[in-house]
1. Can you tell me which residue is farthest from the chain's Cα centre (by Cα) among those in region 5-31 that are assigned to a strand (DSSP E or B) and of a type in the set (Gly, Ala, Ser)?
2. How many residues are free of Cβ contacts under 8 Å to residues at least 12 places away in the same chain, outside any loop (DSSP other than H, G, I, E, B) and loosely packed, with under 12 Cβ neighbours inside 10 Å if we restrict to region 32-65?
3. Select from region 1-26 the residues that are small (Gly, Ala, Ser) and in contact with a strand residue (DSSP E or B) (Cβ under 6 Å, 6 or more places away or on another chain) and list them in ascending order.
4. Looking at (1) of a type outside the set (Gly, Ala, Ser); (2) within 15 Å of Pro4 (Cβ to Cβ); (3) buried (at least 16 other Cβ atoms within 10 Å of the Cβ), can you tell me which one Arg69 breaks?
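Only the coordinates and a few stated rules stand behind these numbers; no lab work does. Treat the numbers as computed from the prediction; the structure is a model and nothing was measured. Here Cβ is always computed from backbone atoms with ideal geometry, including for glycine, and neighbour counts include all displayed protein chains.
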Amino acid sequence: MNQPDYDIQLSSDGGTVWVTAADGSCAGRFSKSFGIDVHRTATEQMKGQDQCLYCTHAPAGKEEWSLFREQVLSHHAIDVPADFIHWN
């Protein structure tokens, strides 16, 4: 069976999503409380590239969730399911 070369995890409270790249580094984090972080992989950073690809530092909602998903897909070719996070 083929396993994806990434992992997507949701916090127990449903407010934070982490996307882990094939090299084990955090490629992205979405937080309803703290915003968006889309980063280069640790492998890319070790080659001298900057860390941040798209980062915010403010509470995030549905619009930002869509933007996060677009950024992760664009930069890492990882399609985070739209329904992975739930909204009250």
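1. The extreme case among them is Ser31.
2. 2
3. Answer for region 1-26, where residues must be small (Gly, Ala, Ser) and in contact with a strand residue (DSSP E or B) (Cβ under 6 Å, 6 or more places away or on another chain): just Ala21.
4. Single failed check for Arg69: (2).
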